[in-house]
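Working notes for the structure below.
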Amino acid sequence: MLQSEMSAAQLQQHVRAQRIGDVNLSVENVSLAFGGVKALTDVSFDVREHEVRAIIGPNGAGKSSMLNVLNGVYHPQQGTIRLRQGGDWREFHDMDSHEAAAMGIARTFQNIALFRGMSVLDNIMTGRNLRMRCSFLEQALWLGRAKREELEHRHSVEEVIDFLEIQHIRKTPVGQLPYGLQKRVELGRALAAEPTLLLLDEPMAGMNMEEKQDMCRFVLDVNDHYGTTIVLIEHDMGVVMDISDRVVVLDYGRKIADGTPDGVRSNQAVIDAYLGVTH
Amino acid sequence: MLYREAGQFRTTYAEDQQIFPIRQDRVAVVVLLVAAFVVVPLVGNQYWLSAILTPFLIYSLAALGLNILTGYAGQLSLGTAAFMAVGAFMSFNFVLRAPWLGIIPSFILAGLCAAAVGIVFGLPSLRIKGFYLAVATLACQFFVVWALQRFGWFSNYSPSGVIAAQEVVILGYAFNTPASKYMLTLIIVTLMALAAKNLMRSETGRAFMAVRDMDVAASVIGIPMMKTKLLAFAISSFYCGVAGALHAFTYLGQVEPEAYSLELSFRILFMIIIGGVGSILGSFLGAGFIIVFPIFLNLLFGGVSHLIGDEISHAVLSNVETMIFGGLIVFFLIVEPHGLARLWQVAKEKLRLWPFPH
Amino acid sequence: MDLSFFLEVLLGGLLAGVMYSLVALGFVLIYKASGVFNFAQGAMVFFAALTFVQLTKIFGMPMWLAFPVTLVVMVLFGIATEKVVLRPLVNQPPITLFMATIGLTFFLEGFSQLVWGSQPHGLELGIPDVPMEWLSQSSGINISQFDLFAAVVAGVLVAVLALFFQYTRIGRALRAVADDHQAALAVGIPLKHIWAIVWSVAGFVALVAGLMWGARNGVGYSLTFIALKALPVLILGGFESIPGAIIGGLIVGASEKLAEVYLPPMLNAPLTEFFGGTVNLQGIESWFAYVVALLFLLVRPQGLFGEKIIDRV
């Protein structure tokens, strides 16, 4: 089909598909168990640079566990995570969350893990913590280097604040904000870290139609504007179909499908899993 | 009308990050500093200087130290007095055994000793939280006091355990009048309070508050748990140590280990609860309140006993004082858990609207 | 080493530990039922003992009457505390509630001394603090009759409380409340009544503990800070376990006593050599229990019988 003959949506998909690069994250045979409960069994998939990858599946499928493995909160008993940084591949059996953060992986949480006693601005500033170089003594004196560093990071954070349109609440303590705005602030904190890989755990949960549209817009903008690779967990099928490039489907800790949104939607195994058909 | 911000625009981030962004606040602070540094020493009488203002500054500094640890970093500590004791006794020992160091370096070294003790007893915070951690600080409190009593070296083998702080001489000038002692204390406390404020509005402060609010999330985004918690203990203990050194040198003159008891730790905890947990200003307000309140109560009871023509015993007075403090703690926790500092903020908010109701 | 002396010290320590357990029990009750660490338990022990003493001394009440009257006072205290302190703070984090109980401690202590005076008082329960004849004659070990009586009382109390929590309706309701206030409310458990009941039972335990401690050591305001000794006991035994309070108490009592008696003679000399100045480890018991508890916390934070603490994001 010529570009002139495609619909607007198809055109957009086409343009985005062209930007997707090579594989930069590879999950290989990961198994995770808690005592007797098997959260993940032999899951393998890959993620390409600049793409939006969705992980879906019925409740209890192990989606959050998968995300937790990706950023080092859980350590799988078996399997490897391989991450490409620049040209080199690094292999992990047992990464800790600190290492993950240092490697440019940032995430949001299902139940909002913001620091309730601090303002929006301060919360987003904590996202920059790995880039702050000054010692505490320099900060206590607030001279030269410390002051400059603080203002520099403030500048970057303000860019994120502008991007997410939350200027009016930057000094508000996070605990006082409504749920939808808190989710946006959490996204801001993740973005402030300038991640190469962004993990979003149910970013649209609990939101109404308008809030979802806003959040979708932000997620897509992040992907377009910053080129960040995004892996997200989401229950809303409409959202998944619209914004993701490829989808992984988990059920009872196993991968049951992997492909484009359309391909996955018509996959019988996936339909069965969601309808609860025993297999 | 007085407190309007209209016309005050902050056009750079630097302006927005200032400690006092509002012009009226800046003016008020300048007035306060002038009063504290210039007016008080000239006008103040001996009693006020040596029995009220100097201890107020010292306890504010200790409360500030505790606030950094408990208010900002969320690590409960019942061992504040022990850190003060380390500061007091170690500064005495440095001045005694290495007089060539000078008073200020001795104070700093004493503070560092307190910081070291703080780090040791803060190590458990890496594994335990909340009031379990209070046990570690209790162990510290009892152990330190016992060690200072038992190991004669600390008190230079004085039979009663009492040490007499040496005269404070800096660069040939002797600080031996109430006014000069007050000034020295004021300078040290002001500088340290400024440093604390700078710290708390930088990344260190944010890391502390992140650990306080949700330490699991903090570690996931890359904030180092061990370093942050131990730094909180170290800085807090340093502040309490310097407060202890001042306590011995510019306030009491003579101290013994028993003075730094659990009761003192509780008193300082009360200061930050009433003054405002997690607030630099609150440390000062709380200390002021706890120092001034007994005096006020004394006067009140004096008046009452005049009225009824009967002497009210000292025991009754101190028991009523204890009761009221206990009651006030509960009151503040129910009504305004953020203490006097928040009440002050609320008052300022109302002042911005005055004379309009909303 | 003199075996009979060692046994005497050990048993003395164990029995002292029983006394600690009595105080710790009150903590466990309140923590189990409301998740609140009641720092004021020590002050409650002090207040109960003082009230009892003054009723018998000043009003000349016989003991069998003073006990129920004091119990009524403690129940009233429990109800008042629930209404004035706990209810307004119902959804606050545990640390706030803990600090409120610190405030309560000071209030209660000041009040006790204001009303009843501040001199220490003796307390006579009619059981002499003398060694048991037959035991000292047969094996040379001296164990006080009173200590044994206290141990029996504690044992009975623990058994009764354990059964109460496990098998009665109110006991179940208390455990539900401890787990989740909101959920308990949702199934219709009357929170206010439950807390009043719990604090009253804790008051009863405080009274028993107060009588035991008072008879042994006299009733002075240092009793308030017995609360602090209960902390290591709770850490060892677990904050929510009634049998844990006993085991923890025994361990703390025994180790403290043994350290007090045996460590200074053993370590004074070598440490004096090492440090060069006189070293005297006397008084080690002021901090020993806390350090033991601390080390235990590092290895097993939930105590011997407590539940594992899990942190989620």
Around C:Ser34, under 13 Å between beta carbons, what's the net of Lys plus Arg minus Asp minus Glu among the other residues? 0
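How big is the charge dipole of chain A about its Cα centre, in debye rounded to the nearest 20, if each Lys and Arg gets +1 on its Cβ and each Asp and Glu gets -1 on its Cβ? Let's see the in-between values first.
Working: 29 positive and 38 negative charges, 122 e Å.
Around 580 debye, computed over chain A.
Considering Cα pairs under 8 angstrom that are at least six residues apart, work out the relative contact order of chain B and quote it in whole percent.
Working: 500 pairs, mean separation 106.4, N = 358.
Reported as a whole number, the value is 30 percent.
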Between region A:188-231 and region A:48-125, the alpha-carbon center distance in angstrom: 14
Would you work out which of A:Leu141, A:Val264, A:Asn68 lies farthest towards the positive end of the dipole of chain A, given +1 charges on the beta-carbon of Lys and Arg and -1 on that of Asp and Glu, about the Cα centre? A:Leu141
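Please average, across the residues of B:334-343, the number of beta carbons from any other chain that are within 10 Å of each residue's own beta carbon, and give a whole number. Working shown, then result.
On the way: counts 9, 1, 0, 6, 0, 0, 0, 0, 0, 0.
The per-residue average across the peptide is 2.
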³J(HN,Hα), Karplus 6.51/-1.76/1.60, whole Hz, each residue of region B:53-58, x for Gly, Pro: 6, 5, x, 4, 5, 5
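Would you mind ranking B:Cys240, B:Cys113 so that the residue whose beta carbon has the fewest other beta carbons within 10 Å leads the list?
Values: B:Cys240 37, B:Cys113 22.
Result, fewest neighbours first: B:Cys113, B:Cys240.
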Given H placed 1.01 Å from N in the peptide plane, which residues other than close sequence neighbours of A:Gly79 have an amide H under 5 Å from its amide H? A:Ser31
Test item: Cα-centred dipole of the protein assembly as shown, Lys/Arg +1 and Asp/Glu -1 on Cβ, debye: 1080
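By counting other Cβ atoms within 10 Å of each Cβ, how are B:Phe9, B:Phe94, B:Phe151, C:Phe5 ranked from fewest to most? Write down the numbers at each step before the final one.
On the way: B:Phe9 7, B:Phe94 21, B:Phe151 16, C:Phe5 13.
Starting with the residue having the fewest Cβ neighbours, the order is B:Phe9, C:Phe5, B:Phe151, B:Phe94.
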Between the helical axis of A:209-221 and the dominant principal axis of chain A, each derived from Cα atoms, what acute angle in degrees is found, rounded to the nearest 10? 80
Honestly region B:60-201 on the Cα gyration tensor test (a ≥ b ≥ c root eigenvalues; a/c under 1.5 rounded, otherwise a/b vs b/c for prolate or oblate) is just oblate
In sequence order, calculated HN-Hα J values of region C:289-295 (Karplus, 6.51, -1.76, 1.60; Hz; x Gly/Pro): 4, 5, 5, 4, 4, 4, 4
DSSP beta bridge pairing in the protein assembly as shown, given as percent antiparallel to the nearest 5: 65
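Taking other Cβ within 10 Å of each residue's Cβ, how do A:Ser26, B:Ser125, B:Ser237 sort, fewest first? Spell out each step's value before the answer.
Working: A:Ser26 16, B:Ser125 27, B:Ser237 36.
In order of increasing Cβ crowding within 10 Å: A:Ser26, B:Ser125, B:Ser237.
Just counting partner chain Cβ atoms within 10 Å, what average do the residues of peptide A:140-153 show around their Cβ?
Counting Cβ atoms of other protein chains within 10 Å of each residue's Cβ and averaging gives 4.
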On average, how many beta carbons from a partner chain sit within 10 Å of the beta carbon of a residue in B:189-199? 3
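Once you charge only the Cβ atoms, +1 for Lys and Arg and -1 for Asp and Glu, what is the size of the charge dipole of region A:3-146 about its Cα centre, to the nearest 20 debye?
Details: 15 positive and 14 negative charges, 86 e Å.
So the magnitude is around 420 debye.
Where does the longest stretch of chain B lie that holds no GluC sites (Glu not before Pro) found in a DSSP loop with 15 or fewer other Cβ atoms within 10 Å? Walk me through the numbers before you get to the answer.
On the way: sites that count: B:Glu5, B:Glu167, B:Glu311.
That gives B:6-166 as the longest site-free run.
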Under the Karplus relation with 6.51, -1.76 and 1.60 and θ = phi - 60°, whole-Hz ³J(HN,Hα) for region B:204-211, x at Gly and Pro, equal 4, x, 5, 4, 4, 5, 5, 5
Would chain B count as rounded, prolate or oblate if I go by the C-alpha gyration tensor, calling it rounded below 1.5 in a/c and otherwise prolate when a/b exceeds b/c, oblate otherwise? rounded
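How about region A:161-202: which trypsin sites (Lys or Arg not before Pro) there lie in a loop by DSSP and see at most 11 other Cβ atoms within 10 Å?
Here the trypsin sites (Lys or Arg not before Pro) that fit, given the DSSP loop and packing criteria, are A:Lys171.
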List every residue whose amide H lies under 5 Å from the amide H of A:Ile256, counting only residues 5 or more places away in sequence or on a different chain, with H placed 1.01 Å from N in the peptide plane. A:Val249, A:Leu250, A:Asp251
Between rounded, prolate and oblate, where does region C:179-259 land on the alpha carbon gyration tensor, with a ≥ b ≥ c its root eigenvalues, rounded for a/c under 1.5, else prolate if a/b exceeds b/c? oblate
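Laboratory data are not the source of any read-out in this text; all were calculated from the coordinates shown. Every value quoted in this text rests on a predicted model; they were computed, and no experiment measured them. Every residue, glycine as well, gets a Cβ built from its backbone with ideal geometry; the counts of neighbours run over all protein chains shown.
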